[in-house]
Amino acid sequence: MDALDTQIIELLKQNGRMTSSDISKCIHLSVPSVSDRIRKLEEKGVIEQFTLKLNRSVMGQAQMAYVSVMLDRTENVDNFRATIIKSIYVLECHHLAGEYDYMLKVAVPDISALEQFISVSLKGIPGVSKTNTVIILSTLKEE
């Protein structure tokens, strides 16, 4: 990767629908060269997919939180993972090193939905022994 690839990536991070033509104007490179570089970045796995960013408030998911989860035994890991992957509220799930086993990023309509998710859905999964929730007040940067 060189400086031009980095510029292309930054432009695509700002707008994943930006055309090769628009990118070429910004970085002063021909359209075929831009298209070729994007294709190579995809082939190398640098660009995994093109996606979109949703406005959670408009979608009725205004309340966001991080929930740390501790499991009691390793036998419960597969069921926990399978259940979490299916949850409509879980945006991200990360396996951690440290006191907690997993960190979830969740988006729910409101605080009562968050309470329901934690108290019933999450703590109802066999093996979940402890959780810790941090409410997100606002987001300054998200990629």
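The values are calculated or read from the model by the stated rules, or taken from the named source; none is laboratory data. Please read these numbers as outputs of a predicted model, since none were measured by experiment. With ideal geometry, Cβ positions are generated from the backbone for all residues, glycine too; neighbour counts draw on all protein chains shown.
Against the definition (over 22 Å from Thr133 (Cα atoms) and without any contact (Cβ under 8 Å) to a residue 24 or more places away in the chain), how does Ile8 come out, yes or no? Spelling it out, it is not the case that Ile8 is over 22 Å from Thr133 (Cα atoms) and without any contact (Cβ under 8 Å) to a residue 24 or more places away in the chain. For the stretch 1-54, give me each residue that is over 21 Å from Glu143 (Cα atoms) and small (Gly, Ala, Ser). The answer is Ser20, Ser21, Ser24, Ser30, Ser33, Ser35.
Please indicate, with yes or no, whether at least one residue in the stretch 66-81 is without any contact (Cβ under 8 Å) to a residue 40 or more places away in the chain and either in contact with a strand residue (DSSP E or B) (Cβ under 8 Å, 6 or more places away or on another chain) or outside the structural domain of Gly127 (by TED's automatic domain parsing) (or both). Yes, the conditions are met somewhere in the stretch 66-81. Among residues of the stretch 85-143 being β-branched (Val, Ile, Thr), closer than 30 Å to Lys13 by Cβ and not in a strand (DSSP E or B), the one that is modelled with the highest pLDDT is Ile85.
Residues that are among the small types (Gly, Ala, Ser) and touching a Phe, Trp or Tyr at 6+ places or on another chain (Cβ under 7 Å): does the stretch 44-61 have at least one? Within the stretch 44-61, none of the residues are among the small types (Gly, Ala, Ser) and touching a Phe, Trp or Tyr at 6+ places or on another chain (Cβ under 7 Å). Pairs linking a residue in the stretch 47-61 that is over 24 Å from Glu10 (Cβ atoms) to a residue that is in a loop (DSSP other than H, G, I, E, B), with Cβ atoms under 6 Å and 6 or more positions apart or on different chains, are Gly60/Pro109. Within the stretch 1-20, the set of residues being assigned to a helix (DSSP H, G or I), of a type outside the set (D, E, K, R) and surrounded by 12 or more Cβ atoms within 10 Å (Cβ to Cβ) comprises Leu4, Gln7, Ile8, Ile9, Leu11, Leu12, Ser20. Being in contact (Cβ under 8 Å) with a residue 24 or more places away in the chain, out of contact with any Ser or Thr (no Cβ under 8 Å at 6 or more places or on another chain) and not charged (D, E, K, R) is the filter here; which residues of the stretch 30-46 pass it? Of everything in the stretch 30-46, those that are in contact (Cβ under 8 Å) with a residue 24 or more places away in the chain, out of contact with any Ser or Thr (no Cβ under 8 Å at 6 or more places or on another chain) and not charged (D, E, K, R) turn out to be Leu41, Val46.
It is to be established whether one or more residues within the stretch 41-54 are assigned to a strand (DSSP E or B) and within 25 Å of the chain's Cα centre (by Cα). No, that holds for no residue.
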